[in-house]
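A quick write-up on the structure given underneath.
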Amino acid sequence: NTVISIFVLNFLVAMLIGVFSMSFAFASQESVFLKVYSLKLNYDTSVETLIAYGKYDSQNSRITSRDFPSSRTGTRPVELVLINFNEEMSSEEALNEIKKMGYRPAELKELLALGIAYPNIPDEFPITALGSVLSEGDGRWTVPVIWGSNKRSLFLVFFDRGWNEDDRFLAVRKS
């Protein structure tokens with residue numbers, strides 16, 4: 001009786017763990033977190049001014065208007081979308097998914113504007129703008145990220161790195 005009880009108990013535990021794992025795996029494959037933020041952005045504002053308004057405690061010195069020129073001009077309303085795919089992926093995969101959803105990847109000025117308008121968001125997780133890339137001169141590319149655990153940071157990470165399920169990407173609704 002004791003052996004049968006232990007067997008049944010182990011079987012039930014195995015079933016519960018198996019069902020939980022399947023549900024979790026299914027949920028993580030299907031879950032995409034979206035949060036929308038609307039603001040007006042003056043694209044004529046320099047990167048340096050946006051960085052100053054963002055009050056970053058640390059920043060990469062290569063993040064400048066010269067290294068990140070923008071072809072967008074004027075002031076216009078922008079709908080920024082914060083996306084979390086809740087899975088590991090490459091930058092190319094993230095870009096493809098963003099485009100399939102009807103968005104374009106955010107550029108540096110849009111990322112900086114989000115950090116100014118909503119300063120507490122980057123405290124929770126890193127946010128990346130895949131729409132602005134900088135050549136490092138050795139064949140590798142970097143993209144800007146804002147994050148702020150205890151202090152606000154603006155830095156560059158390699159485009160070809162893998163992203164984990166906690167990373168967030170900023171996108172813009174195509175107009």
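Which residues, taken from segment 143-175, are in a strand (DSSP E or B), free of Cβ contacts under 8 Å to residues at least 60 places away in the same chain and more than 14 Å from Ile98 (Cβ to Cβ)?
Answer for segment 143-175, where residues must be in a strand (DSSP E or B), free of Cβ contacts under 8 Å to residues at least 60 places away in the same chain and more than 14 Å from Ile98 (Cβ to Cβ): Val145, Trp147, Val157, Phe158.
How many residues are closer than 19 Å to Val32 by Cα, part of a helix (DSSP H, G or I) and open to solvent by 20 Å² or more (accessible area, probe 1.4 Å) when one looks only at segment 122-139?
Residues flagged as closer than 19 Å to Val32 by Cα, part of a helix (DSSP H, G or I) and open to solvent by 20 Å² or more (accessible area, probe 1.4 Å) within segment 122-139 amount to 0.
I'm told Ile63 meets every condition in (1) modelled with pLDDT of 95 or more; (2) touching a strand residue (DSSP E or B) at 6+ places or on another chain (Cβ under 8 Å); (3) within 24 Å of Val36 (Cα to Cα) except one. Can you identify the failing condition by its number?
Condition (3) is where Ile63 drops out.
Tell me, yes or no, whether segment 102-118 has at least one residue that is part of a loop (DSSP other than H, G, I, E, B) and aliphatic (A, V, I, L, M).
Scanning segment 102-118 turns up at least one residue that is part of a loop (DSSP other than H, G, I, E, B) and aliphatic (A, V, I, L, M).
Could you check segment 32-68 and list, in sequence order, the residues that are among the hydrophobic types (A, V, I, L, M, F, W, C) and not in a strand (DSSP E or B)?
Matches in segment 32-68: Val32, Val47, Leu50, Ile51, Ala52, Ile63, Phe68.
Hey, does segment 17-31 have a residue that's modelled with pLDDT under 95, among the hydroxyl-bearing types (Ser, Thr, Tyr), open to solvent by 30 Å² or more (accessible area, probe 1.4 Å) and assigned to a loop (DSSP other than H, G, I, E, B)?
So far as segment 17-31 goes, yes, one or more of its residues are modelled with pLDDT under 95, among the hydroxyl-bearing types (Ser, Thr, Tyr), open to solvent by 30 Å² or more (accessible area, probe 1.4 Å) and assigned to a loop (DSSP other than H, G, I, E, B).
Restricting to segment 73-98, what's the tally of residues that are open to solvent by 60 Å² or more (accessible area, probe 1.4 Å) and either part of a loop (DSSP other than H, G, I, E, B) or in contact with a helix residue (DSSP H, G or I) (Cβ under 9 Å, 6 or more places away or on another chain) (or both)?
Summing the residues that are open to solvent by 60 Å² or more (accessible area, probe 1.4 Å) and either part of a loop (DSSP other than H, G, I, E, B) or in contact with a helix residue (DSSP H, G or I) (Cβ under 9 Å, 6 or more places away or on another chain) (or both) in segment 73-98 gives 3.
From Thr142, Thr75, grab the single residue that is modelled with pLDDT of 95 or more, among the hydroxyl-bearing types (Ser, Thr, Tyr) and within 23 Å of Lys35 (Cα to Cα).
Thr75
The values are calculated or read from the model by the stated rules, or taken from the named source; none is laboratory data. Remember, predicted model here, so these are calculated numbers, not experimental data. Every residue, glycine among them, receives a Cβ derived from its backbone with ideal geometry; neighbour counts consider all protein chains shown. Protein only, heavy atoms only, side chains kept; ligands, DNA and RNA dropped before computing areas. Shrake-Rupley method; radii C 1.70, N 1.55, O 1.52, S 1.80 Å.
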